[in-house]
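Contents: one structure, followed by commentary.
Every read-out reported here was derived from the displayed coordinates using simple, explicitly stated rules and does not represent laboratory data. Worth saying up front: this structure is predicted, and the values here are computed from it rather than measured. No Cβ is skipped: glycine too gets one built from the backbone with ideal geometry, and neighbour counts run over all protein chains shown.
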Amino acid sequence: MRYAMFLAFLPHALLIWCVVRFFKNTKPGLAYQWMRSIGWIALCALPPVVVRLVPTLFSDLDQGLETLAVGLGSWLVNLGGQSVIHIFEENVKDWTGHRSDTMFDNAHVFFALTAAQVLLLSTIVTTRLRLKQTWRDMVVLSVGLFVFVNAFLGMDWEWYGT
């Protein structure tokens, strides 16, 4: 059980580490810039979590821990957003044979798609930062806007089951 909890929060720890690296200024090596890019993408996917989590966290204090766990889980889901949800819902039954109305049966597929999207977007941001060395680049801001809108569009998906 402890290992399952560890594995469940490991992606969150990586996201938090990347967000910390986003704010920290050190030498601009490739690995450092890549972590900053992932931190940028993770921060852009965080507002839908806050919008959904804050009102429910304070309205029902008895279920605060459960609400917090669902909220942290939704951060990873919102990182993929509507684009990953759409690909997942359309293809997961053909790929795995499992029912497609819950993510828990096919979490490995969903998170592989999310990881591929984050890898692609963070590579774009890292490349632009290495060329321009500014966060005010239109490509970097466009990636952030895409992740932000994509996360808000996927915010109402019931990933925890129906």
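Quick one: net charge of M138's neighbours, Cβ under 10 Å, K/R +1, D/E -1? Walk me through the intermediate numbers first.
Numbers: positive: R128, K132, R136; negative: D137.
Taking every other residue near M138 into account, the sum is +2.
So if each residue of separation counts as 0.36 nm, and I subtract the Cα-Cα distance between E90 and R130, what length gain in nm does that give? All intermediate terms of the calculation are to be shown ahead of the outcome.
On the way: separation 40, 0.36 × 40 = 14.40 nm, distance 3.61 nm.
Result for the pair: 10.8 nm of gain on full extension.
Let me check I've understood the local charge: for Q82, count other residues with C-beta under 11 angstrom from its C-beta, Lys and Arg +1, Asp and Glu -1. What total comes out? It would help to have the intermediate numbers written out before the result.
Working: positive: none; negative: E89, D156.
Net of charged neighbours comes to -2.
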